[in-house]
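Some notes on the structure that comes next.
The values are calculated or read from the model by the stated rules, or taken from the named source; none is laboratory data. Everything numeric in this text was worked out from a predicted model, so none of it was measured. When we count neighbours, we look across all protein chains shown, and the Cβ atoms used for this are built from the backbone with ideal geometry, even at glycine. Side chains included, ligands, DNA and RNA excluded: accessible areas come from the protein's heavy atoms. Shrake-Rupley method; radii C 1.70, N 1.55, O 1.52, S 1.80 Å.
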Amino acid sequence: MDDEQQRPVQRPDHGPLAGFTVGVTAARRADELGALLQRRGAAVLHAPALRIVPLADDSELLATTKQLIDQAPDVVVATTAIGFRGWIEAADGWGLGDALLGRLREVELLARGPKVKGAVRAAGLTEEWSPASESMAEVLDRLLEEGVDGRRVVVQLHGEPLPGFVEALREGGAEVVGVPVYRWLPPEDLGPVDRLLDAAVARGLDAVTFTSAPAAASLLARAEERGLLPGLLAALGHDVLPACVGPVTAVPLQAHGVDTVQPERFRLGPLVQLLCQELPGRARALPVAGHRMEIRGHAVLVDGELRPVPPAGMALLRALSRRPGWVVPRADLLRALPGAGRDEHAVETAMARLRTALGAPKLIQTVVKRGYRLALDPATDAKYADT
């Protein structure tokens, strides 16, 4: 057996996400997010829910750029680093790069956060102001405090909805012009998205991460197309944790009544750290036969040691843990097995493999002619007697 196969069981530093499976819907920076999750022990299912199409040949972006060059706005708001760079690159391709940069030097240029500020300065420009919080709400507050009545405000868009931002500026009397630098489209290959949806509905995922609102909206739309939306919403509401990089990303999910978790800082690192706190906290921990057993998505921690368990075994273990200490009949366990049919021998086979995987056979007791039960420690039996 090679090191990679041995590591989940033998290494004590298995990581806070060991035993959990996390879905990644991002198209951009998905490798970075996946690597962060895997380094902390998670199994990752990647399914880009959209693709980003540059608009270098888009007539709308070209027309907006020419209009800005010909008629100077009062304010330009750069919202994303990749979007701002893409705009400059597209203008260069049209032979308008110098003209665009010259115009941007003449206006009040606001950059949303440090990354955008870096892109602005890399283009040889200097922003007039940038919020430390990276919050569009703070940008809006500044503009409204300055007064926008009669002013022309250009906002570089990046496919993200800006709830209330444009409306508030227009209510304040501004003329708002959007610069659509990228377009979000469904992925060309829907296979990975469908596999992620199937896994989520079947509770084969412990969490799904979202790093953009369009990705969340695209996943929901695909679920609706397949008739899986009610099942997906039920899963996200109870068993599969939806984790968003920030409040804007969460808007499509919240519109369907799905509560999400979000880090305080809207970055991939804090998003992963949030999962490292949330998922272990949701795992069921029980004192069984003198051991501490923590049930995770596709593995079990037995006294802190990670024990990978096959899907059939996890199905049995979850069924037993719903009523810890109580006898669960074979017929009920058979129904819990995925695709087991009617042969109760399948329960015995899966149970034998489960006990082997756990490495402590006495964790699960056989009750002759009745079924199986978790061997809950006597001191805690009473606690679960009425559950």
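See the values below:
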| quantity | calculated |
| --- | --- |
| Cross-chain or 6+ apart pairs with Cβ under 7 Å, region 178-203 first and closer than 30 Å to Trp87 by Cβ, then in a strand (DSSP E or B) and open to solvent by 70 Å² or more (accessible area, probe 1.4 Å) | Tyr182/Pro54; Leu185/Arg51; Pro187/Arg51; Glu188/Arg51; Pro192/His46 |
| Considering residues of region 302-330 that are more than 14 Å from Gly371 (Cβ to Cβ) and charged (D, E, K, R) only, the residue least open to solvent (accessible area, probe 1.4 Å) | Arg307 |
| Criterion violated by Leu157 - all others in (1) hydrophobic (A, V, I, L, M, F, W, C); (2) touching a Lys or Arg at 6+ places or on another chain (Cβ under 8 Å); (3) open to solvent by 20 Å² or more (accessible area, probe 1.4 Å) satisfied | (2) |
| Answer from Val77, Val139 - the residue that is of a type in the set (Val, Ile, Thr), open to solvent by less than 50 Å² (accessible area, probe 1.4 Å), outside any loop (DSSP other than H, G, I, E, B) and more than 16 Å from Val179 (Cα to Cα) | Val139 |
| Candidates Leu110, Leu125 - the one that is of a type in the set (A, V, I, L, M) and either more than 28 Å from Pro252 (Cβ to Cβ) or within 27 Å of the chain's Cα centre (by Cα) (or both) | Leu125 |
| Qualifying residue in region 271-281 (condition: in contact with a Leu (Cβ under 8 Å, 6 or more places away or on another chain), in contact (Cβ under 8 Å) with a residue 12 or more places away in the chain and open to solvent by 50 Å² or more (accessible area, probe 1.4 Å)) | yes |
| Considering residues of region 351-381 that are in contact with a Gly (Cβ under 9 Å, 6 or more places away or on another chain) and more than 16 Å from Leu317 (Cα to Cα) only, the residue modelled with the highest pLDDT | Asp377 |
| Selection count where residues are touching a strand residue (DSSP E or B) at 6+ places or on another chain (Cβ under 9 Å), open to solvent by 10 Å² or more (accessible area, probe 1.4 Å) and not in a helix (DSSP H, G or I), scope region 21-36 | 3 |
| Hits in region 112-165 (condition: hydroxyl-bearing (Ser, Thr, Tyr) and either touching a Phe, Trp or Tyr at 6+ places or on another chain (Cβ under 6 Å) or within 29 Å of Ala27 (Cβ to Cβ) (or both)) | Ser130, Ser133, Ser135 |
| Residue selected from region 282-301 under the condition loosely packed, with under 15 Cβ neighbours inside 10 Å and more than 16 Å from Lys362 (Cβ to Cβ), by the criterion modelled with the lowest pLDDT | Arg284 |
| Count of region 169-190 residues which are within 14 Å of Val155 (Cβ to Cβ) and either of a type in the set (D, E, K, R) or open to solvent by 80 Å² or more (accessible area, probe 1.4 Å) (or both) | 2 |
| Residues (open to solvent by 50 Å² or more (accessible area, probe 1.4 Å) and either part of a loop (DSSP other than H, G, I, E, B) or of a type in the set (Asp, Glu) (or both)) located in region 37-55 | Arg40 |
| Every residue from region 88-99 that is surrounded by fewer than 20 Cβ atoms within 10 Å (Cβ to Cβ) and either in contact with a Leu (Cβ under 9 Å, 6 or more places away or on another chain) or part of a helix (DSSP H, G or I) (or both) | Glu89, Asp92, Gly93, Trp94, Leu96, Gly97, Asp98, Ala99 |
| Leading residue by the ranking (surrounded by the most Cβ atoms within 10 Å (Cβ to Cβ)) among those in region 331-350 that are modelled with pLDDT of 90 or more and in contact with a Lys or Arg (Cβ under 9 Å, 6 or more places away or on another chain) | Val347 |
| Count of residues meeting criterion [more than 21 Å from Ala299 (Cα to Cα) and of a type in the set (D, E, K, R)] in region 318-334 | 2 |
| Top-ranked residue of region 103-118 - restricted to ones that are more than 13 Å from Val76 (Cβ to Cβ) and in a helix (DSSP H, G or I), ranked as most open to solvent (accessible area, probe 1.4 Å) | Lys115 |
| Neighbours by Cβ (under 6 Å, 6+ apart or cross-chain): first from region 107-125, under 22 Å from Arg152 (Cα atoms); second open to solvent by 40 Å² or more (accessible area, probe 1.4 Å) and assigned to a helix (DSSP H, G or I) | Ala111/Lys117 |
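Yes/no matrix, rows are residues, columns are (1) open to solvent by less than 60 Å² (accessible area, probe 1.4 Å); (2) closer than 30 Å to Val240 by Cβ; (3) outside any loop (DSSP other than H, G, I, E, B):
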| position | (1), (2), (3) |
| --- | --- |
| Ala132 | no, no, no |
| Asp149 | no, no, no |
| Glu167 | no, no, yes |
| Pro192 | yes, yes, yes |
